[in-house]
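The values are calculated or read from the model by the stated rules, or taken from the named source; none is laboratory data. Since the structure is predicted, the reported quantities are computational estimates derived from the model, not experimental observations. Here Cβ is always computed from backbone atoms with ideal geometry, including for glycine, and neighbour counts include all displayed protein chains.
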Amino acid sequence: MADTMNDDDCVQDLITQQRSEILSAKTLFSDLDFAFQLQLQEAMDASLASKPSTDSSSSLNTPDPVLDSEDTSGLDLATTLMLEDIARFAMEFKDREQCQTEMRKMKEELDRRIHDQKFAEFIRSVPENEWREYGDNYEKPYGESSSSSSSSSSSSWSVDSECCRVYSKGLISEERIRDMVVRVAGIGVAVCDPKDNLLFEKMSPIESMVEGKETSSECAELEALVEGLNVALILGLKTVTFFCADYMLYQYLTGRVPPATSSTEKLVNEVVVLQGKFTYCNPSLVTRNDIKFAFKLAREAIVSQITWPAQAENGKCLKEETCTICFEDVSVDQMFSVDGCLHRYCFSCMKQHVEVRLLNGNGMQANCPHQGCTSELNIESCGKFLEPKVFEIMSQRIKEASVPVQEKVYCPYSRCSALMSKTDLLRYTEAFYIDAERTGARKCMKCNQFFCINCKVAWHYNLTCYDHRKLNPNLHPDEKMLKSLATRKLWRQCIVCNNMVELAEGCYHITCRCGYEFCYTCGAPWKNKKPTCKCPIWDERNIIHRR
């Protein structure tokens, strides 16, 4: 760093010295030219005085070639141009210095952030008894290589000691803008620390047509990667890992498969050259979901190119995009982009699409409305256009679908009724109640009230489940009504998950949704696809349909 600063000072001194010499030379030339003109004028006056002539007046008015100022004006123009070049170079040099200063500040900020993260990890690793005794003495201010109380920690916590991650994504998309279909491309770059904390991000559009040919998706990916590695070099990173979500691109970069086209080969060679500028720089093949940082930035770069100006009533310039479902021009901030497929629709159309799925009972698997597209909608992003009540229903259905039937348990308190997993609930309760697994006590993860996992009632602290049922023989009115209805309708209850089963048609061999198999007539279990009872397997009335 010191050598660089000395070189910059030398360059600045040379620029100043050269400008001074040129200005001095210009001044000297002007003085000599003025002295020459005076001497020439005196000689001409003396000659005319000794030899008068009638044409003297005309000769005085005739310009002498010697006195022509074309040469001097040409020299002045060259000097002026040279001075302009020097001034332009000085401005560029000043801009470069300012850029380097900003990059040094950014790198210092990255070093400070990594130092704080590392020291926080070190503090968390200190044993509890040691922390209670010596915790107040642990310190490691940024910029100090070591301290007496934390000598065991690393003495070099900076961005240079970290293997940072470079995520890049190049996208090419055909977008509809009113009655036109345009092809646009964009790239996104995200530089993260080893724990995927975002350090730097960049998005920019790229040319979708190069020399009359359409840019391929592979070239867009490589252009994004080149930009990402350049950003890493500007940040002063020494060791990086860059991630590829394209399998063929990974094969190109590892040298296993030669590039298919000359444009791809050129970009691959550029990546290889950039790799050589790092101490460590290797690719890693990942899935598409693992490059979410860069994917979002690339999509934003595309969106910035497909906006259409419209004049509002108040005179402000809006940005609009056409929804391909309703074909209405909608403000860009009212358009929803489906994660994973890039299809974009207005909030109104997306709201109707999701609500229809909910009415059909398929709300937990709402997909992109584009024909043939199987991309699932992200529940968190749907909150942008759904009403709070509909959003809550959709979230609840997704949660119910994610918990296996055997693991489902609901809080018995009517004001809570939270859905939980038995395994997660037991793990949560063990932190508050000793021997929770044996006693059956559980603490709701939402309302934090205790209940019995066996009786599904409020926790009976000093009573066993048998004693509690004996002292409280009367069931809740709704449970009593359900039992009465099940007896009248001849429903069966699964002994594993307590789910009620009604036989509408078919044989008496029942397979519950939890996987338990039993006889509908007597409730005896089936083992190895065979009954353990002597009940008939079917009734003709249940298996034959008549008009």
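A few notes on this one:
- Residues of region 397-443 satisfying the condition of being closer than 21 Å to Val496 by Cβ, basic (Lys, Arg) and touching a Cys at 6+ places or on another chain (Cβ under 9 Å): Lys408, Arg442
- Filtering region 392-410 to residues that are at pLDDT 80 or above and in contact with a helix residue (DSSP H, G or I) (Cβ under 8 Å, 6 or more places away or on another chain) leaves Glu407, Lys408, Val409.
- Residue match in region 486-494 (condition: within 30 Å of Asp539 (Cβ to Cβ), at pLDDT below 80 and surrounded by fewer than 15 Cβ atoms within 10 Å (Cβ to Cβ)): no
- When the test is whether a residue is crowded, with 16+ Cβ neighbours inside 10 Å and among the hydroxyl-bearing types (Ser, Thr, Tyr), Ser284 does not pass it.
- Residues located in region 456-471, provided they are surrounded by 14 or more Cβ atoms within 10 Å (Cβ to Cβ) and within 51 Å of the chain's Cα centre (by Cα): Lys456, Val457, Trp459, His460
- For the condition within 19 Å of Ala458 (Cα to Cα) and either touching a strand residue (DSSP E or B) at 6+ places or on another chain (Cβ under 8 Å) or of a type in the set (Lys, Arg) (or both), Cys416 does not qualify.
- Selection status of Asn462, over 17 Å from Pro412 (Cα atoms), in the same structural domain as Pro412 (by TED's automatic domain parsing) and in a loop (DSSP other than H, G, I, E, B): yes
- Single residue of Ile434, Ile495, Ile453 found to be within 29 Å of Cys519 (Cβ to Cβ) and outside the structural domain of Ala524 (by TED's automatic domain parsing): Ile453
- In region 353-366, residue nearest to Ser337 (Cα to Cα) [restricted to those that are surrounded by 15 or more Cβ atoms within 10 Å (Cβ to Cβ) and modelled with pLDDT under 80]: Ala366
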